[in-house]
Structure formats: structure tokens, C-alpha cells
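The values are calculated or read from the model by the stated rules, or taken from the named source; none is laboratory data. As the structure is a computational prediction, the values presented were derived from the model and not from experiment. Please note: Cβ atoms are built from the backbone with ideal geometry, for glycine as well, and neighbour counts cover all protein chains shown. SASA here: full protein model, heavy atoms, side chains in, ligands and nucleic acids out. Shrake-Rupley method; radii C 1.70, N 1.55, O 1.52, S 1.80 Å.
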Amino acid sequence: MKKLSKLIAALWIGLSGTAYAQYQPVVIELFTSQGCSSCPPADSLMHKLSARSDVIALSMHVDYWDYIGWKDEFGRPENAARQRSYAAAGGRRTVYTPQMIIAGEDSVIGTHPMDVADMIAKHSRSQKDVVMKAVRTGGKITIAATARRPAKYEVKFVSYTSKRTSAIKRGENAGRTITYVNVVSDFKTVKKWDGQAPLSFAENAGKGPIIVLIQRADHGPIEAAAALN
């Protein structure tokens, strides 16, 4: 407990005097499927995006194309549900692949790299409402954050695998072997926060790389993000 208190105090020293316009990586969620013939170019683009220091790129495989001949090995109904929730929050009636959601706000076709670049530039310049510091010590992550204004926020942990390769044997991409990056395996809310008082807590994270997000509730904008190995 004493060590945890010292770590939180150190995080707060790092946060003190920090402007809300501080650098934040832009989170890109690609909703993709191995059963979608239009997706491989977007999956390829994700390799370039994941190599950028100003971007956190996440491959969110969905399951709603499984019926057309190939069951996506990485598909998760939870990813499809998140995509539908984004659509509802944005007033969109349909979902599709390959779709990229940028910073929890903007929707872009995943095969339009110039549009993606424009959105990254837009969100890199935008002022965020939350400043966060996150540190990993073994299997535990310690987080400290302050908000510029009160709101309903959710702290989320995203588990993923850096690279996964699949030999697709049936369906629209039959015969192709594709390597995917940052394939999401779990996406969970670990804390809810009203933003009124500073936030500080520690949470068990287990093994493997983790993305920490602070996002407005009901699939709103992502206000802070950090990648921890």
C-alpha cells in the first residue's frame, strides 16, 4: 500500500501544471472481418498506422459476416456490439466493414488513407478534456487523471495481440494468408468517473499489452489514451 501511495503521488507530480492540450495519441478502431473482400487493404493500412507514435491502432474483428462462408477466427460479438453502439451514438443506421472510428467520434472508410490521415491530423490538434498518466508495474496498472469539466467518463482496458496470422480457406478471401496487427481480445470498463474530483486508482491487468482509455460514456469521444506493454 505504501508503494502504491508513492506511485500515485509521483503520477500527480507529473500531472501538476500540465495543460489540457497536451499530446494524446489518436485511437483508431478498425472494424474488420476475414469474411469481407473489401477489408484486406484496410488491414494492410493498419500495419502503417500501428507503427506511428502518434496513433493507437486497434483491429476490432466482427462476427456478422461469418455466415457467408468463413468464420472469422478473431471475430467477437462484443466488437460488433461496440460498432453498433458507435453507430447509434452518431445517428448512423447501418454498420459496415472496413470502418474506422477515429478517437471515438468520426467514421471513415478504412480503405481511404487520405481521409484517415486528415482525421488523425484533426484529432491531433484538438484539445482533450482529460489529462491522464498511467504506469504499469508487473500485473498492475496505476492511473491518475484530471478533467477539465465534469462528465460521465469510463476508464477502459483493452487487451490485444500485436500480430496474428490467419490462412483463410473459404469465403470471399479464400486462399489468402493475412497478418493482422493489434487484434483486440478484450475490451472492458474498469472504472466509472464523474470528472469532478481527480481520479487515482490501481487495477490488476494481468499479462500482455494493455491500452488504457478514458472515454465519454455511451460511446462518446476518447479523451485520453496510453499504450502499456
Scanning segment 128-157 for residues that are assigned to a loop (DSSP other than H, G, I, E, B) and touching a residue at least 24 places away in the same chain (Cβ under 8 Å), the one most open to solvent (accessible area, probe 1.4 Å) turns out to be 152
Can you find a residue in segment 210-221 that is surrounded by fewer than 16 Cβ atoms within 10 Å (Cβ to Cβ), assigned to a strand (DSSP E or B) and touching a residue at least 40 places away in the same chain (Cβ under 8 Å)? no
When the residues of segment 189-199 are filtered to those that are closer than 30 Å to residue 51 by Cα and not hydroxyl-bearing (Ser, Thr, Tyr), which remaining residue is least open to solvent (accessible area, probe 1.4 Å)? 190
Give the residue that is nearest to the chain's Cα centre (by Cα), with candidates limited to residues of segment 178-209 that are outside any strand (DSSP E or B) and under 28 Å from residue 166 (Cα atoms). 209
For residue 118, work out the one condition from (1) at negative phi; (2) surrounded by 18 or more Cβ atoms within 10 Å (Cβ to Cβ) it doesn't fulfil. (2)
Taking first residues from segment 95-121 that are in contact (Cβ under 8 Å) with a residue 60 or more places away in the chain and second residues anywhere that are among the hydroxyl-bearing types (Ser, Thr, Tyr) and open to solvent by less than 40 Å² (accessible area, probe 1.4 Å), the pairs with Cβ under 6 Å that are 6 or more apart or on different chains are 97/32; 97/33; 98/32; 101/86
Matching residues in segment 170-188 (touching a strand residue (DSSP E or B) at 6+ places or on another chain (Cβ under 8 Å) and either aliphatic (A, V, I, L, M) or open to solvent by less than 60 Å² (accessible area, probe 1.4 Å) (or both)) number 9
Look at residue 107 and say whether it is open to solvent by 40 Å² or more (accessible area, probe 1.4 Å) and either of a type in the set (Ser, Thr, Tyr) or over 16 Å from the mean Cα position of the chain (by Cα) (or both). yes
Could you tell me whether any residue of segment 158-169 is outside any strand (DSSP E or B), more than 20 Å from residue 31 (Cα to Cα), open to solvent by 10 Å² or more (accessible area, probe 1.4 Å) and at pLDDT below 95? no
Which one of these does residue 86 not meet: (1) open to solvent by 10 Å² or more (accessible area, probe 1.4 Å); (2) in contact (Cβ under 8 Å) with a residue 60 or more places away in the chain? (1)
What is the residue count in segment 91-103 for residues that are open to solvent by 10 Å² or more (accessible area, probe 1.4 Å) and either within 20 Å of residue 56 (Cβ to Cβ) or β-branched (Val, Ile, Thr) (or both)? 3
Output the number of residues of segment 60-83 satisfying the condition of being open to solvent by 70 Å² or more (accessible area, probe 1.4 Å) and in a helix (DSSP H, G or I). 3
Tally of residues being touching an Asp or Glu at 6+ places or on another chain (Cβ under 7 Å) and not in a strand (DSSP E or B) across segment 24-46: 6
